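Here's the structure we're looking at; comments come further down.
What follows is calculated from the coordinates using simple rules that are stated; it is not laboratory data. No experiment lies behind these values; they were computed from the predicted model shown. So basically every Cβ, Gly included, is an ideal-geometry build from the backbone, and we count neighbours across all protein chains shown.
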Amino acid sequence: MPHINLPQEVPGIRSLVMYRPETGKYLYELVQLLLRGESPLSAADRELIAAYVSYLNNCEFCYQSHAAAARCLYGEQKELVDEVLQDFATAPVSPKLKALLVIAGKVQKLGKEVQPEDIETARAAGAGDRDIHDTVLIAATFCMFNRYVDGLGTTTPEYVSDYIAMGERISTIGYVLPNQSK
């Protein structure tokens, strides 16, 4: 049950955006830019980073919704999402993505956990400055989103299947304010 008066039928951050559209507008613009804007990282990889950080933060709504979006964006390789979340070190993803997930995981704990050797490993695996920047910013942003969603006790759908439509919507139209979506 939400800690403040939010629409019960609207889960997660969508209810918070409806509650405070003047701030929600900027949060949605930020996530649209980070996860769908120009980046050397694919939209699927960026959604996966968001899901991974949310999973580490135990934010069920964000973890499930972004994992669902990543599955849609990966298409026939959708099983990669669950393999990464179970153990990214053994998942069949590139060394570059593995190195970036290490960085994202360290940002999730504390930004100062990221060490020069983490950056060197990522660079050796093919990551450039923009890959590293975008990974850190996505990880930091999702720590904030996770705390926002869970700190106000937003409604969380009960079943994994409830997130399928969310993932399809996110993967096709991106991040639009609730009153603008179709």
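Some values worked out for this structure:
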read-out	value
Total lysine pairs whose alpha carbons fall under 26 Å of each other in the chain (8 or more apart, or interchain)	11
Order of TYR63, TYR159, TYR148 under a 10 Å beta carbon neighbour criterion, fewest first	TYR159, TYR148, TYR63
Dipole moment magnitude, nearest 20 debye, the chain about Cα centre, only Lys, Arg, Asp, Glu C-beta charged	420
For the chain, built as a Gaussian network whose Cα springs stay under 10 Å, the top-fluctuating residue of GLU117, GLU29, GLU79	GLU117
Compactness of the chain, expressed as Rg and Dmax over alpha-carbon positions, Å	15.8, 49
Size of electric dipole in segment 15-56: Cβ of Lys, Arg +1 and of Asp, Glu -1, about Cα centre, debye, nearest 20	120
Helix-derived mean residue ellipticity, 222 nm - over the chain, DSSP H n ≥ 4, -39500 (n - 2.57), to 500	-21000 deg cm²/dmol
Cβ-placed point charges (K, R +1; D, E -1), dipole of segment 98-182 about Cα centre in debye, nearest 20	140
